[in-house]
Amino acid sequence: MKRIRQIYLSTSFLLVMVVSLVVTVFLAVTGERIAAKHAPLVAAAMEVKLHATLGHLWFEEIIAGDSHEDIEVVWRHLRQADWYALAMLEGGSNAKGIYQPLDDPVMRTEIVAVRGALHDFESIARARHANAGVSFPGSDIDQIFDQLFNNFLDNADRVQTLLLALVKRDLSHFRYMSWLLIGLMTAVLLVVGYLILRLERQQTTHLSTIEIVNQQIREKNTELDYLAHFDSLTKLPNRTLFVDRLARALTHAKRKSAHVVLLFLDLDRFKSVNDRLGHAIGDEVLTHAASRLKRCLRSDDSIARLGGDEFTIILSDIDSHEQAINAAKSVARSVTEEMSAPYGLDKQMVTVTASIGIAVYPEDGLTGDELLINADHAMYDAKAHDRGGFRFHSAELNRRVTRQLTMESDLYEAIDEDQLVVYYQPQWDLQKDTLSGVEALVRWQHPVKGKLMPNVFIPVAESSGIVERIDAWVLRTACRQVQKWRSEGLKPGRLAVNISAPLFSHGDLFKIVSDAIFEHQMHDGELELELTESALLQDVDHAQKLMQRLRRHGVNLAIDDFGTGYSSMAYLRDFPITTLKIDRSFIMNAPDDKAAGAILHSMVELATHTDKVIVAEGIETKQQEQLVRSLGCEFAQGFLLGKPMDAGQMQALLIAQTEKNVRYLPYSSD
Ligand code: C2E
Ligand code: MG
Ligand code: MG
């Protein structure tokens, strides 16, 4: 823009300069021309008079006999006078100058008259010269002669006057022209200046207009883009954008060997809402449903309205099939829950549930179309079997998920209906050969399926969130039990309780623990929480703070299944851990496998050097017990030393222990 303005300015300046130059040259040439034309003519008029007067004077002298000059001098002067007069009419040149013919007709007539008078005068002069005797001064002829010369002089004077007037006129004309041109030039200057200003202003206006137009075009394009990719009612992406996003998610997943979940959602009996309450209410339901759906998603999940009452949700970048299933379940569950709440519309409550079909990439389809069709089929399946619920595409998966779902709802009842039982597995002090503590392990006495082990239901409880309640219940129950044993004079030693990752990471663990300690008067170091490596590393900062608070409350902290997390050992330094529970897998092979033995050995070393207590898990054989003892492990736990048992059996063991100092346990439970 600046560059264009510069070009305008320099062009205009150049233009003004050229105009000034032209005007100056024009004035100079015109002035020169006037001067060149008129000055010789004025001189010529003088010459005419001068020569004629000289001719007349010489003639008078010669006629009067006062001069010896030849009469030729007279004729020469008269001829000279005539020559100048003729030069004024037809132009001519001599040593004195160049004479241009006069154009003015009046002047020309006057000059012709001057010449006529000159000729007349010359004729009379010649006649008088020829008759010199009769033409004495004062004679008639002399008087006519003088008269003629006077006529000539009059004519010549008039010519001179007219010529001067002409010169004056031409000069004033020239002056007028000059002023005019200067005026014009000034006007041109002003106009050019004005034009520059206007151009600049126009240009600025023009540029801002272009900018405004561009902005409008951009806005229009954005609007068109929005209309092409978004649904105007719910403001959600439409089918076109959905197809595009799904394709991108699949390409990305293919590259990273990741999983993608597609949820196909259809509102139940939406048609009847439209029919009964009208389309306006129908639209409102769709808008509210869209907002509810958005609430159920994470920021990087993608939701779209395919049309009508159909919506889709894409969950992308998921590492494993298992995680994909869990994510799908969790979203589907929260969506169905959200959707089941009634809408308060037009002074009435309307409930519109949603049925969801789920397909997972790559298991249920490799392309977007395949996934969409399969998710759609699954959705119809859901509508047919479980309106307001969700179904997976694969039948096997559906069975699994249904089993899990059933288990989940059963678990809720289990807590309320006292179906959970705490078992206790003894921990042994290898140096003193006494019972050092017990680990609380939960069992589920299912009314139909019988006793269920934690590995069957704890993962389900973890994915549904109910595990926090289970852990809290186990903790309270076990503390109450220990308090009871203590009150009966028994010595159960340290109580170890398993804490799940969800409770540790975002549950109210500290409050649950401190309440239990307070309520059951647990002593310092009497309670030990068993944490997993992965739980600690989810949010290191939170973990450190929580663990420090717990330690200050006299709680011991153990890492359960130590060595299986493949994580950095640095956390041994960063977290206030008191105990390492070496996982069973390291004990199992250690006596025969040299490598396993070496790992076990270095684990014990590590614990010793970092001031941690070691508990060796899963001791099943004498050989294993011997090995861990020789390595310097202080504590051990395993079927050889005592299987998990119910509270009654544990109590019997504790009694036997105090009375007889029993080494191996006669009881076997699990
Ligand atoms: P864990 O905390 O590592 O508990 C030890 C598991 O190893 C127990 O299995 C126990 O029965 C088993 N075990 C002990 N000694 C031996 C042995 O010599 N040989 C063999 N083969 N197994 C032995 P259990 O009770 O089935 O518990 C499995 C896991 O479930 C526990 O592993 C723990 O992670 C979890 N769990 C148990 N109770 C709870 C609970 O109340 N809350 C939470 N969050 N998790 C629990
Ligand atoms: Mg444990
Ligand atoms: Mg363990």
Exercise. Only one of (1) open to solvent by 20 Å² or more (accessible area, probe 1.4 Å); (2) near ligand 1 (Cβ under 10 Å from one of its atoms) is not met by residue 447, so which one is it?
Worked result: (2)
Exercise. Has the range 59-70 got any residue that is touching a residue at least 24 places away in the same chain (Cβ under 8 Å) and under 30 Å from residue 41 (Cα atoms)?
Worked result: yes
Exercise. If you check 326, 374, which single one turns out to be within 30 Å of residue 284 (Cα to Cα), modelled with pLDDT of 85 or more and not in a strand (DSSP E or B)?
Worked result: 374
Exercise. Which of (1) at pLDDT 95 or above; (2) within 24 Å of residue 547 (Cβ to Cβ); (3) under 55 Å from the mean Cα position of the chain (by Cα) does residue 477 not meet, given it meets every other one?
Worked result: (3)
For this session: Using the structure shown, decide if residue 586 is within 13 Å of ligand 3 (Cβ to nearest atom) and in contact (Cβ under 8 Å) with a residue 12 or more places away in the chain.
Result: yes
For this session: Evaluate the range 441-456: report whether one residue or more is within 16 Å of ligand 3 (Cβ to nearest atom), part of a helix (DSSP H, G or I) and either modelled with pLDDT of 95 or more or not assigned by TED's automatic domain parsing to the domain that holds residue 417 (or both).
Result: yes
Exercise. Pick from 524, 515, 583: which is within 16 Å of ligand 2 (Cβ to nearest atom) and more than 40 Å from the chain's Cα centre (by Cα)?
Worked result: 583
For this session: State whether one or more residues within the range 66-79 are hydrophobic (A, V, I, L, M, F, W, C) and surrounded by fewer than 16 Cβ atoms within 10 Å (Cβ to Cβ).
Result: no
For this session: Name the residue, out of 503, 490, that is surrounded by 21 or more Cβ atoms within 10 Å (Cβ to Cβ), among the hydrophobic types (A, V, I, L, M, F, W, C) and either more than 16 Å from ligand 3 (Cβ to nearest atom) or closer than 22 Å to residue 574 by Cβ (or both).
Result: 503
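Quick grid of which residues meet (1) out of contact with any Asp or Glu (no Cβ under 7 Å at 6 or more places or on another chain); (2) assigned by TED's automatic domain parsing to the domain that holds residue 518; (3) within 16 Å of ligand 2 (Cβ to nearest atom):
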{"site": "538", "(1), (2), (3)": "yes, yes, no"}
{"site": "542", "(1), (2), (3)": "yes, yes, no"}
{"site": "559", "(1), (2), (3)": "no, yes, yes"}
{"site": "573", "(1), (2), (3)": "yes, yes, no"}
{"site": "618", "(1), (2), (3)": "yes, yes, yes"}
{"site": "632", "(1), (2), (3)": "yes, yes, no"}
{"site": "636", "(1), (2), (3)": "no, yes, yes"}
For this session: Tell me, yes or no, whether the range 471-485 has at least one residue that is under 18 Å from residue 561 (Cβ atoms) and either assigned by TED's automatic domain parsing to the domain that holds residue 633 or within 16 Å of ligand 2 (Cβ to nearest atom) (or both).
Result: yes
For this session: Test each condition in (1) open to solvent by less than 10 Å² (accessible area, probe 1.4 Å); (2) assigned to a helix (DSSP H, G or I) for residue 463 and report the one that comes out false.
Result: (1)
Exercise. Is it the case that the range 133-147 has a residue that's open to solvent by less than 20 Å² (accessible area, probe 1.4 Å) and part of a helix (DSSP H, G or I)?
Worked result: yes
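Conditions (1) more than 15 Å from ligand 3 (Cβ to nearest atom); (2) among the small types (Gly, Ala, Ser), marked per residue:
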position: 531; (1), (2): no, no
position: 539; (1), (2): yes, no
position: 543; (1), (2): yes, yes
position: 550; (1), (2): yes, no
position: 555; (1), (2): yes, no
position: 564; (1), (2): no, no
position: 570; (1), (2): yes, yes
position: 581; (1), (2): no, no
position: 605; (1), (2): yes, no
For this session: Those residues that are open to solvent by 60 Å² or more (accessible area, probe 1.4 Å), closer than 26 Å to residue 45 by Cβ and in contact (Cβ under 8 Å) with a residue 12 or more places away in the chain, I need them from the range 158-200; list them, please.
Result: 158, 164, 171
Problem set entry | So residue 302, is it at pLDDT 90 or above, surrounded by fewer than 15 Cβ atoms within 10 Å (Cβ to Cβ) and of a type in the set (Ser, Thr, Tyr) | no
For this session: Search the range 388-442 for residues being crowded, with 19+ Cβ neighbours inside 10 Å and aromatic (Phe, Trp, Tyr), and hand back the single one that is nearest to residue 330 (Cα to Cα).
Result: 390
Exercise. Which of the residues that make up the range 527-543 are open to solvent by 50 Å² or more (accessible area, probe 1.4 Å) and either assigned to a helix (DSSP H, G or I) or over 17 Å from residue 503 (Cβ atoms) (or both)?
Worked result: 534, 537, 538, 540, 541, 542
Problem set entry | Yes/no for residue 625 being within 17 Å of residue 433 (Cα to Cα), of a type in the set (Asp, Glu) and touching a helix residue (DSSP H, G or I) at 6+ places or on another chain (Cβ under 9 Å) | no
Problem set entry | Answer residue from the range 575-600, given it is open to solvent by 60 Å² or more (accessible area, probe 1.4 Å) and in contact with a helix residue (DSSP H, G or I) (Cβ under 7 Å, 6 or more places away or on another chain) and is farthest from ligand 1 (Cβ to nearest atom) among those | 599
Problem set entry | Subset of the range 475-484 [open to solvent by 10 Å² or more (accessible area, probe 1.4 Å) and in contact with a strand residue (DSSP E or B) (Cβ under 9 Å, 6 or more places away or on another chain)] | 477, 481
Exercise. Under 9 Å by Cβ, and 6 or more places apart or on different chains, what pairs join a residue from the range 543-566 that is within 16 Å of residue 584 (Cβ to Cβ) with one that is open to solvent by 20 Å² or more (accessible area, probe 1.4 Å) and of a type in the set (A, V, I, L, M)?
Worked result: 558/613; 563/599; 565/537
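The values are calculated or read from the model by the stated rules, or taken from the named source; none is laboratory data. Since the model is a prediction, treat every value here as computed from it, not as a measurement. Counting neighbours? That spans all protein chains shown, and the Cβs are built from the backbone with ideal geometry, glycine included. Accessible surface areas use protein heavy atoms only, side chains included; no ligands, DNA or RNA. Shrake-Rupley method; radii C 1.70, N 1.55, O 1.52, S 1.80 Å.
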